[in-house]
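One structure is given below, encoded as structure tokens.
The values are calculated or read from the model by the stated rules, or taken from the named source; none is laboratory data. Computed from a predicted model, the values in this text were never measured in an experiment. Here the Cβ is made from the backbone with ideal geometry for all residues, glycine too, and neighbour counts use every protein chain on show.
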Amino acid sequence: MGGFPILSAMLLVPLAGAIACLFSEAKTARVIALAATLIDLALGIVLWMNFDVGGAQWQFTERAALFAGFDYALGIDGIALMLIMLSVFLMPVCIGASWTSITKRVGEYMAAFLLMEVLMIGVFAAQDILLFYIFFEAGLIPMYLIIGIWGGDNRIYASYKFFLYTLLGSVVMLIAMLWMVIEAGTSSVPALMVYDFPPEAQTWLWLAFFASFAVKMPMWPVHTWLPDAHVQAPTAGSVILAGVLLKLGGYGMIRFSLPMFPEASAQFMWLVLGLSMVAVVVTSLIALVQHDMKKLIAYSSVAHMGIVTAGLFAFNTQGLEGAMVMMLSHGLVSGALFLCVGVIYDRLHTREISRYGGLAINMPAYATIFLFFTMASIGLPGTSGFVAEFLSLAGVYQISSWAAFVCTTGIILGAAYMLYLYRRVAFGAQVNEDAAAMPDLSTREYLLLVPIALAALWMGVYPESFLAPMRQDIAVLDARLSRAAPESDAHFMMGEGTPAAEAHAEGGGH
Amino acid sequence: MELSNSLGLVLPELILSLSGLVMLLFAAWGGDRLSSAISIACCVALGAAFALVAPSVCAGASGPDTIAFFGQFRADAYAGMAKLMIYAASGAALIVAPRYFERLGEMRAEYPVLVLFAALGMSIMVSASDLLTLYIGLELNSLSAYVLASFLRTNEKSAEAGLKYFVLGALASGILLFGMSLTYGFTGGTSFAAIQAAAAAGEMSTGMLFGLIFVLAGLAFKISAVPFHMWTPDVYEGAPTPVTAFFASAPKVAAVVLLGRVAVEAFGTQADAWRQVVIFAALASIVVGALGAIGQQNLKRLLAYSSINNVGFLLIGLAAATQAGLAAMLVYLAIYVVMTIGSFAALLLLRDAEGNQLETFADIAGLSTTRPALAWCLLLIMFSLAGIPPLMGFWGKLVVFWAAVEANLLALAVLGMAASVIGAFYYLKFVKVMFFDEAADRVKGEADTANWALLAICAVLISPIGYLLTGWLVSIANTAAGSLPLAG
């Protein structure tokens, strides 16, 4: 790529777009926003094509000492690359999803979304811990506005809860970051990732980071802001929230908590596994009894994120890879599910499940696509969800068969609530006349949903495309974690051929 | 020789006092029709003083060359940086005022002169290296401020503000004087160098400790740190808005910088003696400032609590008691001044069709649909005050907490940071009211160019663009803090 600062360009394009949108009419603002996100998507594809798989760990690095105390340092590894791709892929979809449904203050709306994109790419590309924090926290401002201005009836409560909850989670992390910067004498993330902090300090540093990431993730029991935020946010807001913002927590753990504090991570493994198990089971059960479609999908997100955290703290390659694929897959699938809800919400203006029914009759194409994403969310083989769940649970099984057992029930419960949702919305008799009169997908809606479906299918059939760029980084992380990895309870015996007679004598009764 | 040297060092103060006296004569004989000319002349005087101070700040003036009048006065870079902020804030208070007072028919020629004298007093305060100089500067500033608070003679609230400020201010001065006399009695000197030497000599005697505490209490009143903050909301609400803008910016700078000098220069060897007081005041200010603001409907009252809240963060920098802590405090002050001036400039732009000032939340409901530019500027300022990145307010907090963590005050940093979330709640209310609520459409007043320009400058400075200045700001603050003759 020569010396072209492509990451800065990816930040600048939406930023310029956001400023332009702020001063534009509704129509022009939509076009500007779509153009800016598409340019960013194109830049993202260029980025991926030029990413040297198996090459240097940090690529496309840029560094400029613009500020006092921290640097403007950007750079990505495979993990960041994949999450950036997810962001730039979902952004045009978000703009498209708001094309007709947002009619008031369009310029400001588009500006807020473009700003979100800048900040999300910034979070994943930041190579300076304080720069990361700035991008990480700044995301609160546009999201607060998106929920508060364009949200539903209870939007003010939801926006406050979202803002204060996540802010409270992350303030202590800043102090921890400052301590680390002072202790290590550098604020560069790659340098901090290989710095060995004293184990006793790691404990509280880990907790400080965990407070922030657990809220962002969100993990049970600090997930309660998420259903509120999702229900009140406009469709595109939910897509970006579920698709990318929830990934910030997982990204934070894989980038900071695990490599920087391996000992503390091992120490707190059971805390994370325990919370993950509870999250998977409890939120799945909560999802089962929801009447509100968006709330149901929001709770399912918490359950899926539980599998991500379990996979991350499995201390092995499968778990980490599974967690990453789960994040990507969930970003696509839950984003698409919120879009599916948005499609029928735009027609009937209600999220009540009981107001729909029998949509497969009058909206066959919609029902098909909705079914695909339902299956992908459940984890049907051939979809991205299967790869994600299989890998992460295989990883978890190696560290604790009990945790794997409990988390696996989440798949069954997941199937239960998703299929129950689908049955009530798409199958059965057409009890509501207005719902029965709804037209099928428009071209715009096809354009939004089909690319996501294809991506989810691709990830399900050939996950290697997505795993390959991350493999080396995950191997590096796994190697760093190995010194602290807790002992597994499964006691695998691999490659040791025991004589048959002896095996009979000792363990014949198995 | 010594005298001419000294006079050279106090040249900015000389300019201010002489031009103030001349303006006073003009005001006495020329009357109020000269008020705008006098305003401009005072701005020029402040600008001249600013230009005179700036080089010494950049050069990092320190050491014996900066001492004037046999140790009474010290024109080092630390004082210089504070003076720059004070002159700039005073200038801003002059710029926003005419429009406000003219509508009430109260634009009198004394206003700019009083601001000028207050600025002179503050200038002496920050340069004081002797308790007596300190007191002279402080009183010159305070007496001007009392008059300014009750500048709207016919307005009951303004008169009440002036009276309250005067009574409580006199009490605080008394406490301060008492503390100074104790300090003098137990150290045998009034100059900071003598106090430093006496304090370094050994254990701190109970009498000296009492003196220190009383001096701190008197100064805490001036910076409105909890528990000496009670006057702030009333005075801020009652005083004319341009005067409130002035109170919230320049005197805060002067008193905080002075407090830093007294604590770190005079009592620097006994940091443990005052650190717990400062830590308590810091945390209490953050919490009380945040909680008190929650129920407020009046925007000026709310900003008063916000200033109390901000003082808490300033004191965290001081609590570090290191050079880095003082530098962080100066950086935070600079950002705080910009945010304060910006917020009051925005407040002054809230006028209804008849030109009356609007000051409550109900008035700014839905401002973003009727006056988007103003609403967005206020949004930037509020998020900045709340310390949300990527605005400059965050960076101010960052450097302050950085210093605290560096000085191993982890618990203070964690508590302060957590308490800042409470403050975020009411700053968010600003945004909520302006952006989420139905438009009340009361703000109708026509634009005021000078005010707008000031607001625009402040908004740009606290936006992420301001980060490009951080390198420069930090280096200046570091030289300034480095110019203090630290003990040990």
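Taking B:T183, is it touching a strand residue (DSSP E or B) at 6+ places or on another chain (Cβ under 7 Å) and farther than 30 Å from B:L104 by Cα? Answer is no for this residue.
Against the numbered list (1) within 29 Å of A:R105 (Cα to Cα); (2) surrounded by fewer than 16 Cβ atoms within 10 Å (Cβ to Cβ), B:G471 comes up short only at (1).
Being of a type outside the set (A, V, I, L, M) and in a helix (DSSP H, G or I) holds for only one residue in A:G148, A:G152, and it is A:G148. Between B:A263, B:A271, the distinction of being over 19 Å from B:Y336 (Cα atoms), out of contact with any helix residue (DSSP H, G or I) (no Cβ under 7 Å at 6 or more places or on another chain) and without any contact (Cβ under 8 Å) to a residue 60 or more places away in the chain belongs to B:A271 only.
Just one of the numbered conditions (1) part of a helix (DSSP H, G or I); (2) within 14 Å of chain B (Cβ to nearest Cβ) is not true of A:G69: (1).
Out of A:S101, A:S87, one residue alone is part of a loop (DSSP other than H, G, I, E, B) and either more than 30 Å from B:L410 (Cα to Cα) or away from every other protein chain (no Cβ under 11 Å) (or both). It is A:S101.
Which members of the stretch A:117-135 meet the condition of being among the aliphatic types (A, V, I, L, M) and within 13 Å of another protein chain (Cβ to nearest Cβ)? A:V118, A:L119, A:V123, A:A126, A:I129, A:L130, A:L131, A:I134, listed by residue number.
Under the condition of being at the interface with chain A (Cβ under 10 Å from one of its Cβ atoms) and touching a residue at least 60 places away in the same chain (Cβ under 8 Å), the residues counted in the stretch B:388-406 number 10. Taken as a whole, the structure leaves B:A481 outside the set of residues that are of a type in the set (G, A, S) and surrounded by fewer than 17 Cβ atoms within 10 Å (Cβ to Cβ). Of the residues making up the stretch B:327-337, not a single one is over 21 Å from A:L115 (Cβ atoms) and either part of a loop (DSSP other than H, G, I, E, B) or in contact with a strand residue (DSSP E or B) (Cβ under 9 Å, 6 or more places away or on another chain) (or both).
Restricting attention to the stretch B:440-451, does a residue exist that is facing chain A (nearest Cβ under 7 Å), in contact with a helix residue (DSSP H, G or I) (Cβ under 6 Å, 6 or more places away or on another chain), in a helix (DSSP H, G or I) and touching a residue at least 24 places away in the same chain (Cβ under 8 Å)? Scanning the stretch B:440-451 turns up no residue that is facing chain A (nearest Cβ under 7 Å), in contact with a helix residue (DSSP H, G or I) (Cβ under 6 Å, 6 or more places away or on another chain), in a helix (DSSP H, G or I) and touching a residue at least 24 places away in the same chain (Cβ under 8 Å). If you go through the stretch A:25-66 and keep only what is closer than 23 Å to A:F132 by Cβ and either of a type in the set (K, R) or within 14 Å of chain B (Cβ to nearest Cβ) (or both), you end up with A:R63, A:A64, A:A65, A:L66. Of the helices (runs of 4 or more DSSP H) entirely within the stretch B:172-251, those holding at least 1 residues that are under 16 Å from the mean Cα position of the chain (by Cα) occupy B:206-222, B:231-238. Only a single item in (1) touching a residue at least 24 places away in the same chain (Cβ under 8 Å); (2) surrounded by fewer than 24 Cβ atoms within 10 Å (Cβ to Cβ); (3) within 10 Å of chain B (Cβ to nearest Cβ); (4) within 30 Å of A:R351 (Cβ to Cβ) is not met by A:N154, and it is number (3).
Taken residue by residue, the stretch B:358-371 has no member that is at pLDDT 90 or above and within 9 Å of another protein chain (Cβ to nearest Cβ).
Residue by residue, here is whether (1) without any contact (Cβ under 8 Å) to a residue 40 or more places away in the chain; (2) surrounded by 24 or more Cβ atoms within 10 Å (Cβ to Cβ); (3) closer than 17 Å to A:Y251 by Cβ holds:
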{"site": "A:A9", "(1), (2), (3)": "yes, no, no"}
{"site": "A:G17", "(1), (2), (3)": "no, yes, no"}
{"site": "A:L34", "(1), (2), (3)": "no, no, no"}
{"site": "A:G44", "(1), (2), (3)": "no, no, yes"}
{"site": "A:Y72", "(1), (2), (3)": "no, no, no"}
{"site": "A:G75", "(1), (2), (3)": "no, no, yes"}
{"site": "A:I79", "(1), (2), (3)": "no, no, yes"}
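Taken over the stretch B:342-392, the criterion of being surrounded by fewer than 22 Cβ atoms within 10 Å (Cβ to Cβ) and at positive phi is satisfied by B:G355, B:G366. Evaluate the following for A:V189: is it among the β-branched types (V, I, T), within 28 Å of B:N408 (Cβ to Cβ), away from chain B (no Cβ under 14 Å) and touching a helix residue (DSSP H, G or I) at 6+ places or on another chain (Cβ under 7 Å)? Against the criterion (among the β-branched types (V, I, T), within 28 Å of B:N408 (Cβ to Cβ), away from chain B (no Cβ under 14 Å) and touching a helix residue (DSSP H, G or I) at 6+ places or on another chain (Cβ under 7 Å)), A:V189 qualifies. Among the numbered conditions (1) acidic (D, E); (2) part of a helix (DSSP H, G or I); (3) without any contact (Cβ under 8 Å) to a residue 12 or more places away in the chain, the only one that A:D196 does not meet is (2). State yes or no: is A:Y109 touching a Phe, Trp or Tyr at 6+ places or on another chain (Cβ under 9 Å), among the aromatic types (F, W, Y), on the phi < 0 side of the Ramachandran plot and within 11 Å of chain B (Cβ to nearest Cβ)? Considered against the rule, which asks whether it is touching a Phe, Trp or Tyr at 6+ places or on another chain (Cβ under 9 Å), among the aromatic types (F, W, Y), on the phi < 0 side of the Ramachandran plot and within 11 Å of chain B (Cβ to nearest Cβ), A:Y109 comes out as no.
Residues in the stretch A:433-472 that are among the acidic types (D, E) and closer than 26 Å to A:P381 by Cα: A:E445, A:E464. Closer than 23 Å to A:F373 by Cα, β-branched (V, I, T) and either buried (at least 24 other Cβ atoms within 10 Å of the Cβ) or under 14 Å from the mean Cα position of the chain (by Cα) (or both): is that true of A:V280 in this structure? Spelling it out, A:V280 is indeed closer than 23 Å to A:F373 by Cα, β-branched (V, I, T) and either buried (at least 24 other Cβ atoms within 10 Å of the Cβ) or under 14 Å from the mean Cα position of the chain (by Cα) (or both). Considering B:V431, B:V414, B:V460, the condition of being more than 10 Å from every other protein chain (Cβ to nearest Cβ) and assigned to a helix (DSSP H, G or I) is satisfied by B:V460 alone. For the subset of the stretch B:7-31 comprising residues that are over 27 Å from the mean Cα position of the chain (by Cα) and more than 12 Å from B:V113 (Cβ to Cβ), which member is surrounded by the fewest Cβ atoms within 10 Å (Cβ to Cβ)? Restricting to residues being over 27 Å from the mean Cα position of the chain (by Cα) and more than 12 Å from B:V113 (Cβ to Cβ), the top hit is B:W29. Selection over the stretch B:72-108 of residues that are in contact with a helix residue (DSSP H, G or I) (Cβ under 8 Å, 6 or more places away or on another chain), assigned to a loop (DSSP other than H, G, I, E, B) and over 18 Å from B:A145 (Cβ atoms) gives a count of 4. Look at (1) under 19 Å from the mean Cα position of the chain (by Cα); (2) under 16 Å from A:G252 (Cβ atoms); (3) within 13 Å of another protein chain (Cβ to nearest Cβ) and you find that A:M143 fails only one, number (2).
Yes or no, residue by residue, for (1) of a type outside the set (G, A, S); (2) within 9 Å of another protein chain (Cβ to nearest Cβ); (3) over 16 Å from B:Y427 (Cα atoms):
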{"residue": "A:I147", "(1), (2), (3)": "yes, no, yes"}
{"residue": "A:S159", "(1), (2), (3)": "no, yes, no"}
{"residue": "A:F163", "(1), (2), (3)": "yes, yes, no"}
{"residue": "A:V172", "(1), (2), (3)": "yes, yes, yes"}
{"residue": "A:L178", "(1), (2), (3)": "yes, yes, yes"}
{"residue": "A:A184", "(1), (2), (3)": "no, no, yes"}
{"residue": "A:Y195", "(1), (2), (3)": "yes, no, yes"}
{"residue": "A:P198", "(1), (2), (3)": "yes, no, yes"}
{"residue": "A:Q202", "(1), (2), (3)": "yes, no, yes"}
